Amino acid sequence: MLKDFIRKKQEQRAVRRPDFSRIKTGVNEGSADNAQSRDTDAAKINAQPAFVPEVPDNVYRKCNYCKKAILNADVRNNLYRCPRCGGYFRVHARRRIELLADEGSFKELNAVQPFVNPLNFPNYEAKVRASQEKFGLDEAVVSGVCSIAGERAVLCVCDGRFIMSSMGHNVGEKITEAVELATKEKLPVIIYCCSGGARMQEGIVSLMQMAKTSAALRAHHEAGLLYVSVLTNPTTGGVTASFAMLGDVILAEPKALIGFAGPRVIEQTIGQKLPEGFQTSEFLLEHGFVDAIAGREEQKELLARLIRMHDKTVLTDGTKALKSFAESGQAEVQKKGAEKMLSAWERVQLSRDAKRPKALDYIERIFDSFTELHGDRCYGDDGAIVGGLAELFGMPVTVIAEQKGRSMRENLQRNFGMPSPEGYRKALRLMREADDFGRSIICFVDTPGAYPGIESEERGQGEAIARCLYELSGVKVPVLSLVISEGGSGGALALAVANEVWMMENAVYSILSPEGFASILYKDAKKAKEAAELMKLTAEDLLSLKVIDRIIPEEEPCVSMKSLDALCRDLKRDMAGFLVREAALSAEEIRTERNLRYRGI
């Protein structure tokens, strides 16, 4: 009797006080390197219960960031984020699908696949069967067709509970078949990646899944279809080196662990402790490998918007809307410019005025929406180049701009509007993406020139600019460039190989700065004022030389933010007219028109 009473009291205390050591939650749970080292023998695996009930809402769990105890219900209601510190908990595959897919729209593909053990690895089948029974999954990925905020897509979601979502034959097969179906049905693909890498129990067969999935995604891309990769915690190993990093757009959840080699492997190899924040989503954004970090609360709407902006039928509908708008009446462009005739040097000074609107000021007022994309996928993300997807009267376009700062702090972040090689390579990536999906390109030019530092030369500044010129010469979509302030040398031309080039009345566009010109020709930078008059760098000069196609008048010598609103309304209408005119041409005619423009100069 006494023993029964003691046992009953112990059970009651266990219910009131959860054992945190047995609750495996939180963003930092485990690591990619030791994921498969936690293997157990077949007897222990078979001893696990076949069914694990849902954790009750009134049970606590621990956040691995703030170490606080929080109610399970609070975590669920906060999209599996800690309500205290915002730390991210891992989300099971089916729960993720519930968060993303419109209700009742998800139709699973290849729900059951035959077990594969190519190496006849001991106890492997028992491990797989145990995971299948415990988590109610056939494999480490769930795939299907669904709609996301009304947009149809093929969705694949990896589940980190299933042998750390490592990629074996069946995982590779499910992803490949899902991508092939998307290619056949002309649907976008979205993959939520979470993995410890290749599945060791399948050896070289697991490695081959990297090539198989990559080939399927290549065929999908060549069909002109969108693939969005979303990186969650953790994404490592062979998955990172294959489908995870091949997205047309790559998103990541905050503070996720992302890398090829796991942290422990790196530390043991180099014998050094890794710095804080190494291999996080934020680290990858800074180094140019992801387009954006997206919180869970914004992912569904963002994915739907990306799908719409890559849908070629939306381009057709957008052209109709633009045409209807253009036919409703011509723009009343501000025909009255500054009354005073200004000298070339005065125009130079005005173009450099800190009060002049910057590229993002124009983008904010002209376009209905703007989704910024980051990184060159090689080295870094340059703040001097801003780029992404925008809408003009519902028509998706790609916008690329050189951006200066307004304060000293912002200018340091933007490098005073002087792009580095990674900035031009980011622009190059966006140009290619626009061409692949048939979106027009609109560029805003505002730079004193490309950054001339040592590191720029080390990373190939000249090659990066040359590639932009080469790519813009070959794209089969319309390109419009607007010089809004300074157009300095090849750094400006990299974004100004266009079907039409427009220029603000008080902007300048030249081979070099007047100071540099005077230093070279006169050996005296103080003669910049005289050099400016000879350089033919004003809008009027460049129009007569047929370097530009149109001058945009300014009511005030230095456009104020107040007058910018009216100016941008006119520019918006004029850009719509440009797109309507170009839409009447074939892709080859658009490219030929652009190249003949420069052939005649």
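Of note:
- From most to least packed by mean Cβ count within 10 Å, the peptides 265-277, 200-212, 356-368, 454-466 give 356-368, 200-212, 454-466, 265-277.
- Summarising the amide proton neighbourhood of TYR227: residues at separation of 5 or more, or on other chains, whose placed amide H is nearer than 5 Å comprise VAL189, ASP248, VAL249.
- Taking every DSSP bridge with both residues inside region 73-220, close to 70 percent are antiparallel.
- Per-residue HN-Hα couplings for region 485-496 [Karplus 6.51, -1.76, 1.60; θ = phi - 60°; Hz; x = Gly/Pro]: 8, 9, x, x, 6, x, x, 8, 4, 4, 10, 10
- Averaged over its residues, the chain has an accessible area of 46 Å² per residue, based on protein heavy atoms and a 1.4 Å probe.
- Amide proton proximity set for ASP102, modelled H, under 5 Å, gap of 5+: SER147, ILE148, ALA149, GLY150
- Tilt relative to the chain, helix 169-185 - C-alpha long axis, 0 to 90 degrees, to 10: 40 degrees
- A straight Cα-to-Cα reach below 15 Å connects LYS127 with the aspartates and glutamates ASP39, ASP41, ASP138, GLU139, GLU202, residues fewer than 8 places away in its own chain not being considered.
- Per residue, the convex hull volume that the Cα atoms of the chain enclose (Å³): 185 Å³
- By a 1.4 Å probe calculation restricted to protein chains, ARG591 has an accessible surface near 60 Å², given to the nearest 10.
- Sequence of CYS378, CYS66, CYS82 from largest to smallest accessible area, 1.4 Å probe: CYS378, CYS66, CYS82
- Partners for LYS526 among aspartates and glutamates (Cα-Cα distance below 19 Å; same-chain residues under 8 apart left out): GLU346, GLU515
- Surface composition of the chain: carbon and sulfur make up 54 percent of the accessible area, probe 1.4 Å.
- Mean shadow area of region 178-225 over all directions, Cα convex hull, nm²: 3.6 nm²
- Helix-derived mean residue ellipticity, 222 nm - over the chain, DSSP H n ≥ 4, -39500 (n - 2.57), to 500: -12500 deg cm²/dmol
- Proximal aspartates and glutamates relative to LYS62, as straight alpha-carbon distance under 14 Å, when same-chain residues fewer than 8 apart are discounted: ASP19, GLU29, ASP74
- Restricting region 261-319 to chymotrypsin sites (Phe, Trp or Tyr not before Pro) in coil, as DSSP defines it, with at most 16 other Cβ within 10 Å: PHE278
- Coarse-grained scattering of region 114-196 at q = 0.13, 0.14, 0.18 Å⁻¹, given as base-10 log I(q)/I(0) from a Debye sum over alpha-carbon atoms: -0.45, -0.51, -0.77
- Computed from backbone phi, the HN-Hα couplings of region 121-133 come to 5, x, 6, 5, 4, 5, 5, 5, 4, 5, 5, 4, 6 Hz, rounded to whole numbers (Karplus: 6.51 cos²θ - 1.76 cosθ + 1.60, θ = phi - 60°; Gly and Pro given as x).
- The tail of the calculated P(r) for region 188-323 beyond 20 Å holds 53 percent of all Cα-Cα pairs.
- Given R0 = 45 Å, the distance between the Cβ atoms of ARG599 and ARG406 translates into a calculated FRET efficiency of 0.70.
- Computed from phi, the 3J(HN,Hα) profile of region 450-464 under the Karplus parametrisation 6.51, -1.76, 1.60 (θ = phi - 60°) reads 5, 5, x, x, 4, 5, 5, 5, 4, 9, x, 4, x, 5, 5 Hz, with x in place of Gly and Pro.
- Among the listed pairs LYS300/LYS426; LYS184/LYS312; LYS186/LYS572, those whose Cα-Cα separation exceeds 28 Å are LYS186/LYS572.
- Nearest-20 debye value, region 166-293 charge dipole, Cβ charges on Lys, Arg, Asp, Glu: 260 debye
- Placing unit charges on the Cβ atoms of the charged side chains and taking the dipole of region 482-601 about its Cα centre, the candidate lying farthest along the positive direction among ILE484, ALA576, MET535 is MET535.
- Burial order of peptide ranges 229-236, 385-392, 434-441, 153-160 (average beta-carbon count within 10 Å, highest first): 229-236, 153-160, 385-392, 434-441
The values are calculated or read from the model by the stated rules, or taken from the named source; none is laboratory data. Since the structure is predicted, the reported quantities are computational estimates derived from the model, not experimental observations. Methodologically, a virtual Cβ is constructed for each residue, glycine included, from the backbone with ideal geometry; neighbour enumeration extends over all protein chains shown. Ligands, DNA and RNA are stripped out before the accessible areas are found, and what is left, the full protein with its side chains, is counted by its heavy atoms. Shrake-Rupley method; radii C 1.70, N 1.55, O 1.52, S 1.80 Å.
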